[in-house]
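Data first, discussion second: the structure below is written as structure tokens.
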Protein chains: 2
Amino acid sequence: MGKLRENLGDYDNCGLASALEAMGERWSFMILRAAFNGLHHFEEFQAELGIARNILAGRLARLVDHGILERTALPTDRRKVVYALTEKGASLLPAMVALRQWGETWGRIESSPTLVDDRDELPIRPVALHAHDGRALRLEELRWKRTGELTELGGHREEEA
Amino acid sequence: MGKLRENLGDYDNCGLASALEAMGERWSFMILRAAFNGLHHFEEFQAELGIARNILAGRLARLVDHGILERTALPTDRRKVVYALTEKGASLLPAMVALRQWGETWGRIESSPTLVDDRDELPIRPVALHAHDGRALRLEELRWKRTGELTELGGHREEEA
DNA sequence: GATGTAGGTTGCGAATCACTACTTATATTA
DNA sequence: TAATATAAGTAGTGATTCGCAACCTACATC
């Protein structure tokens, strides 16, 4: 078996590291969740999450820096600042929901509100991986394709004894 | 070891907070990614990620505590320890891939290897949210349903000025 | 003008991270 | 068998970040 692997920790080449660079800090995902739930103001986030104010200020600034939130001063009340999800921020929804579903499935979560389709109020499907034709894919059915080479994913490598 | 920090909110008994409790620390997702890529040993993780040894030891112990990795001593070489993904750990794949895809889409990632269907080597679909019948859902088509009540998601609240 | 509100910043102790050296147990080699 | 190498950690040490509370500034309201 080839020893070809991805170069982990290489920020230039790894989307996961890049995502974590923006979202990997403590509270970032909870802030995003609050934003998805319609919160827009510093004091709202602070009250809802119970996060320390300096930490919240730092996180919001970072999320704005990364283009996940957009910061706008409200013209009707110049004290107020609106933090709104950008398209980039909103596109984190599948990742966030996948994480949330995982937590619900495996954690001791009692009764969380469920994400439902607005049209029929039926719960959405669990987030899963799908082939180009829509088939659901399991771990064993996946590979990395790296410009001509193939690497097994999730497989066991022999111990070189 | 364990939780010296306060828990993230207990935000509505939220699955997201629960997931972050297990996976929210620095390096956890990168370790998981390495595990998905077939790494099994302490030294492999350490060399690949360049993470400090004490931090790695702590993270691995935590992931084992949370049932994401399973720790087994290798009988053929009693120095070696195998860290393997559990079912719970493996079920983080959609969340991880969603994060990764987001990072690839929005970051300045050059050329990552692509996840492909093992059967036809075609790239998998971007992770997305789907209704019970398989329709793709956008943010505007979603609501929280909370045992009887409905909460708008992503909507604007009125400024109570 | 006085008071309240929104969105921060500052200081400081506690907790965590990261770098390096050390340890312990096992395996391999001479 | 002794010497050396390997695997998986621990321990000591600073640097960094977190979290709490108090404070500050601009604006709005009374």
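Where a number appears in this text, it was derived from the coordinates with a stated rule and is not lab data. From a predicted model like this one, the values you see are computed outputs, not experimental measurements. Backbone-built Cβ (ideal geometry, glycine too); neighbour counts: all protein chains shown.
Descriptive notes on the structure:
- Interatomic Cα distance distribution for segment B:11-91, bins of 10 angstrom, percent: 18, 52, 24, 6, 1
- Sorted from closest to farthest, the other copies place their residue B:54 label points 2.4 nm away, with each point set 7 Å from Cα along Cα→Cβ.
- Each copy carries a label point for residue A:126 at 7 Å from Cα along the beta-carbon vector; from one copy to the others these points are 2.4 nm apart, nearest first.
- Where trypsin sites (Lys or Arg not before Pro) fall in DSSP loop in segment B:49-80, at most 12 other Cβ within 10 Å: B:78, B:79
- Taking a ≥ b ≥ c as the square roots of the eigenvalues of the alpha-carbon gyration tensor, segment A:39-132 is classed prolate because a/c is 1.5 or more and a/b outweighs b/c.
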